[in-house]
1. Accessible surface of LEU48 in the full protein assembly, 1.4 angstrom probe, to the nearest 10 Å²?
2. Lys/Arg Cβ at +1, Asp/Glu Cβ at -1, dipole of the chain taken about the Cα centre: which of THR70, THR125, PRO22 is farthest positive-ward?
3. At a threshold of 8 angstrom on Cα-Cα distance, excluding pairs fewer than six apart, so keeping six or more, what relative contact order does the chain reach in percent?
4. Leaving ligands, DNA and RNA out of it, rank ILE138, ILE7 by accessible area with a 1.4 Å probe, largest first.
5. With label points built 7 Å along Cα→Cβ from the Cα atoms of ASP17 and VAL66, find their separation and express it in nm.
6. Binned at 5 Å from 0, what are the whole-percent values of the Cα-Cα distance distribution for region 2-138, short to long?
7. Mind checking the per residue accessible area of the chain for me, 1.4 Å probe, whole number of Å²?
8. Between ALA117 and HIS94, what FRET efficiency follows from the Cβ-Cβ distance if R0 is 35 Å, with the result rounded to 0.05?
Amino acid sequence: MAAPALIGVLAEALDPDGEGAPVFSALHPGLDLSASRFQDGPPDEAALVADLLGLGHVVAGAAGPVVLPTACALGGEAAALELELEPLLLRAAHATRRAGGLPAGAVVVLVLAGRSAPVGTGDITADWPGLGQAGATIG
C-alpha cells in the first residue's frame, strides 16, 4: 500500500504538558510505502504500536514552504483532493505528548492512511500542491 505523508521537523519541543498543534521548522512532502501484518488493521493500540504505527518505508521529498498544504493527490488521481490537516496534527501532537513528547528537531510523520492505494510495479507519487512531491519506483 502507498499513502501520501506529510513530514514535519519540529521547531519546538512537543512537551508532555504542552497544548496545540506542532510548530514546524521544515515541511517535506512524503510517501509511505507500507504493509501491515494485520489484514484488517491492528485490533488494538498495543498492536498498532507493535506494527510501527503503520509506517513502512517513508520517502521524503525536498523541503517546501512551512505552510500546511490544503490538498494532496496520490499516483494517477486526476486532481488533488482537499483536506484539513490541523485536526490530524492536533491528534498526532496529543498522542505524542501522551507518550512522553519529542524534542525540537525531531521528525513527525503524518500519513493519510485513508488515501492509501495498492501498489504494483512502476512509479508512485504523492503530490502536495504548494509543497512539492515525493515519489518512488517499485520494481
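The values are calculated or read from the model by the stated rules, or taken from the named source; none is laboratory data. Note that the structure is predicted; figures quoted are calculated from it, not measured. Here the Cβ is made from the backbone with ideal geometry for all residues, glycine too, and neighbour counts use every protein chain on show. For accessibility, only protein heavy atoms count, side chains too; no ligands or nucleic acids. Shrake-Rupley method; radii C 1.70, N 1.55, O 1.52, S 1.80 Å.
1. LEU48 has an accessible surface of roughly 60 Å² with all protein chains in place.
2. So the residue we want is THR125.
3. Details: 309 pairs, mean separation 54.5, N = 139.
Relative contact order of the chain: 39 percent.
4. In descending accessible area the options line up as ILE138, ILE7.
5. 2.5 nm
6. Answer for region 2-138: a P(r) of 2, 10, 19, 22, 21, 15, 8, 2, 0, 0 percent.
7. With all protein chains present, the chain gives 56 Å² per residue.
8. Working: r = 28 Å, r/R0 = 0.79.
Efficiency, from the Cβ-Cβ distance: 0.80.
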